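Enquirer: Got a structure for you, questions after.
The values are calculated or read from the model by the stated rules, or taken from the named source; none is laboratory data. If you're wondering where the values come from, they're calculated on a predicted model, not measured in any experiment. No Cβ is skipped: glycine too gets one built from the backbone with ideal geometry, and neighbour counts run over all protein chains shown. Areas reflect the complete protein model, heavy atoms only, side chains present, ligands, DNA and RNA absent. Shrake-Rupley method; radii C 1.70, N 1.55, O 1.52, S 1.80 Å.
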Amino acid sequence: MLARSNPQLNAHGELVHLLTTEGLPKAVILHILDTAGTFLSVNDRDVKKVPLLRGKSVFNLFFENSTRTRTTFEIAAKRLSADVINLDIARSSTAKGETLLDTVANLSAMHADMFVVRHSESGAPYLIAQHCAPHVHVVNAGDGRHAHPTQGLLDMYTIRHYKKDFTNLTVAIVGDVVHSRVARSDIHALTTLGVPEVRVVGPKTLVPSDMKAMGVRVCHDMAEGIRGADVIVMLRLQNERMSGGMLPSAGEFAKSFGLTPEKLALAKPDAIVMHPGPINRGVEIDSSVADGSHSVILPQVTFGIAVRMAALSIIAGNTR
């Protein structure tokens, strides 16, 4: 029954696609995090490769711009010894009017084993997973406002690395929550892993109405939201997704919800500060905080390679 209700899992409850952290069993999340830990040492080797995906073809289909996610997926697949093909969307047949499913069908005919998909439309990776060949796996690298599961998982890895245990933490997610697929992926993973208090913090126009239903505490005051927090996840202000009137100005947002040393002092003394990137310095986070001793923003990127290696290797080893 588990597999039928979750398109990511096969009949044995094993991961065959990674589309969202929502509904992902705790055991699967922990398996990915544990496996990622074994891959961290690969980064320190002279030859940074293991043969787990040798002979497999991984196609990166990024219909939306990305630097960190696309690059870390490419590095992860190559370190697993896969053949990696980066589709140039601007010059692909989709730019000539070919449908998404026709593009995928043609790439499947080229013996693709895995598609890593980023798309501006929510649900696009699900559509591909429903229609691709049985041997092909799909990993969601971010779809619209919906989900960014590997970012959520690397955030969980980062939190566990620094805080060890999830069951006594207060985590504050701050900023442009309404446009953030990272926020949703983090919330689903945090609640599944047993974090007792998850807060979302932001102006009313940037916090969606369904947050309380997701089991989180909503705060529209920055001081209330981060006071006593163990982990602060700052989100990028996504101006490109905003319609008029959602914010008076970036300056007003920074004044009320930007993370400064003074505001950070309200959190626990050993609090960590995270950010999925790219950073808008001086808007959602002050440079002195982004580069300061509480920041784990760059380690997040390093951990992201190991987490994506883990996800790709686990998924490739399971069949539908």
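Enquirer: Which of Ala290, Ala310, Ala109 moves the most in a Gaussian network model of the chain with Cα springs under 10 Å?
Expert: Of Ala290, Ala310, Ala109, the most mobile in the Gaussian network model is Ala109.
Enquirer: Determine the sum of side-chain charges near Glu74: Lys and Arg each +1, Asp and Glu each -1, restricted to other residues whose C-beta is under 12 angstrom from that of Glu74.
Expert: With Lys, Arg at +1 and Asp, Glu at -1, the neighbours total +4.
Enquirer: Give me the accessible area per residue for the range 58-191, probe 1.4 Å, as a whole number in Å².
Expert: Accessible area per residue: 37 Å².
Enquirer: Please compute P(r) over all alpha-carbon pairs of the range 188-320, binned at 5 Å starting from zero, and give each bin as a whole-number percent.
Expert: P(r) for the range 188-320, in whole percents per bin: 2, 9, 17, 20, 20, 15, 9, 5, 3, 1, 0.
Enquirer: Take the range 25-132, compute every pairwise Cα distance, and split them into 5 Å bins from 0; I just need the percent in each bin.
Expert: 2, 10, 18, 20, 21, 14, 8, 5, 1
Enquirer: I've got another one for you. Taking a quarter of the surface of the convex hull around the Cα atoms of the range 71-189, what do you get in nm²?
Expert: Its Cα hull, projected and averaged over all orientations, spans 9.2 nm².
Enquirer: Hey, another quick one. Run through all the Cα pairs of the range 145-230 and give the fraction in each 5 Å bin from 0, expressed as whole percent.
Expert: Going from the shortest bin to the longest, the percentages are 3, 16, 27, 28, 19, 7, 1.
Enquirer: For the chain, what relative contact order do you get, as a whole percent, if you take Cα pairs closer than 8 Å and at least 6 residues apart?
Expert: 21 percent
Enquirer: Say the dipole of the range 1-132 comes from +1 at the beta carbon of Lys and Arg and -1 at that of Asp and Glu; which of Gly123, Leu87, Thr35 then lies farthest toward its positive end?
Expert: About the Cα centre, the residue reaching furthest to the positive side is Thr35.
Enquirer: Under the √(5λ) rule applied to the eigenvalues of the Cα gyration tensor, what semi-axes describe the equivalent ellipsoid of the chain? Give them in Å, descending.
Expert: That gives 32, 22, 19 Å for the three semi-axes.
Enquirer: Further question: Once fully extended, how much extra length lies between Ala105 and Thr319, figured as 0.36 nm per residue of separation less the alpha-carbon to alpha-carbon distance?
Expert: My answer for the length gained is 75.1 nm.
Enquirer: Considering only protein heavy atoms and a probe of 1.4 Å, how much of the accessible area of the chain is carbon and sulfur, as a whole percent?
Expert: 52 percent
Enquirer: For the pair Asp34 and Thr71, how long in nm is the line joining their label points, each one 7 Å along Cα→Cβ?
Expert: In this crude spin-label approximation the distance works out to 3.3 nm.
Enquirer: Between Asp44 and Ser122, 0.36 nm times their residue separation minus their Cα-Cα distance comes to what?
Expert: Between Asp44 and Ser122, full extension yields an extra 24.4 nm.
Enquirer: Also: What is the calculated FRET efficiency for Glu252 to Asn168, with r their C-beta to C-beta distance and R₀ = 35 Å, to the nearest 0.05?
Expert: 0.50
Enquirer: Just for the chain, what percent of DSSP beta bridges are antiparallel, to the closest 5?
Expert: Close to 5 percent.
Enquirer: Also, quick follow-up: Starting from the Cα of Ile85, step 7 Å along the direction of its Cβ; do the same at Asp291; then give the gap between the two resulting points in nm.
Expert: Output for this residue pair reads 4.3 nm.
Enquirer: Which value, in Å to one decimal place, does the Kirkwood hydrodynamic radius take for the range 1-67 when every pair of different Cα atoms is included?
Expert: 14.7 Å
Enquirer: Right, here's the next one. Give the total of Lys-Lys pairs in the chain with Cα-Cα distances below 25 Å; include a pair only if its members are 8 or more places apart or on different chains.
Expert: Within the chain, the lysine pair count is 18.
Enquirer: Can you tell me the relative contact order of the range 125-251? Whole percent, Cα pairs under 8 Å, sequence separation 6 or more.
Expert: Value for the range 125-251: 25 percent.
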